[in-house]
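Shown next, in structure tokens, is the structure this report addresses.
Just so it is clear, none of the values below were taken in a lab; they were calculated from the coordinates. Since this is a predicted model, take the numbers as computed values, not measurements. FYI the Cβ positions are ideal-geometry reconstructions off the backbone, even for glycines, and counts take in every protein chain you see.
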Amino acid sequence: MKKILLPSLILFWAMTGIAIAQTPENLTTAYQQFNAPFTGEWQQYGELFTSLQKNLFPRLFLLVITTVPVFFFLHYIAIGPMSFPHDGKQVYCYNLFVRIIHWVAAVSFSLLVLTGLLIIFAKLIGPGNFGIAARIIHLVSAVIFAISTIPMFLFWIREMLPALYDLQWMMIMGGYLSKKKKPVSAGKFNAGQKMWFWLATVGGGVMAVTGYFLYSHQGDIEILRLSAIIHNFLGSAMVALFITHLYMSLVSIKGSFQSMIHGYKAEAELKILHPKFKY
Ligand code: HEM
């Protein structure tokens, strides 16, 4: 027995010595190969994750904040905004409570988007207080936004439920690709507004949960990676629809912004854009 044990030990030490003498990269690879049958190939997900964080997400956000505004700029040039006479009958659409909640969500979400982009493109601003301030504002705004979406969700959920006629609205893209003012198929809210509502409230909830994991480092590494991936993909979709919401409410439909200030919309506008709305 001794005859076999001693040469085996010497051989084992010699092989270990040779392995250690190799370059660190080779050693790392050998170590990963050795671990793979026991731990699975988790490193490959780590690499995928690092590459997503470093390469894909900054590009995805850059794509969203450049192409979506360009698309709407072209829409503005080709089709232009819609306007309706505002001197006729006015219909009360948004009460004070919902307007306050909306503006709390609007301000906090705008700050979330700005600071979120600063965090994504942190390399450009470099280390320092500015980046830290962005993170603090992101955190505080996230809490305010998450709280504000709860009453917004409860208040609007019934009117935001999908209806069959929403499909017709979607087929013609709400009529936004035409200059003609023909009644479209929509109730108090059209299919586009409903999509934004669901993404902002339910999506906002998912952003809050994944953001909590990222902030608190609760959960294991897999949960953290998954949270970062969901937070970034969902975040980019929310930014795209947020820009759409800004274009629609500030530029595309004249007088829309004022309706969220005093609560009234022109009946002439409702007859074309929301003909199924019973008021
Ligand atoms: C600075 C940012 C924002 C501005 C300027 C803005 C403006 C407006 C305006 C003017 C309206 C009334 C549209 C109409 O009926 O003609 C509106 C509606 C609405 N906003 Fe915002 N909003 C902003 C951010 C947000 C955010 C962050 C949310 C998400 C929580 C949100 C959710 C909604 C919803 C659900 C409606 C009703 C449906 C719709 O018109 O899309 N808004 N917004």
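Note on segment 165-202 and segment 110-159: Cα centroid distance 27 Å, given to the nearest whole angstrom.
Each of Arg135, Arg158, Arg59 was scored by other Cβ atoms within 10 Å of its Cβ. Arranged with the fewest first, they read Arg158, Arg59, Arg135.
Quick one: which of 182-193, 219-230 comes out on top by average Cβ neighbours within 10 Å, and what's the full order, highest first?
With the highest mean Cβ count within 10 Å placed first, the list reads 182-193, 219-230.
What you get for segment 45-273, charging only the Cβ of Lys and Arg (+1) and of Asp and Glu (-1), is a dipole of about 600 debye around the Cα centre. Each Lys and Arg adds +1 at its Cβ and each Asp and Glu adds -1 at its Cβ; summed about the Cα centre, segment 106-193 shows a dipole of about 360 debye. Measuring nothing but how far apart in sequence close Cα pairs (under 8 Å, 6+ apart) lie, relative to its length, segment 116-272 scores a relative contact order of 17 percent.
If you average 1/r across every pair of different Cα atoms in the chain and take the reciprocal, what Kirkwood value do you get, in Å?
22.7
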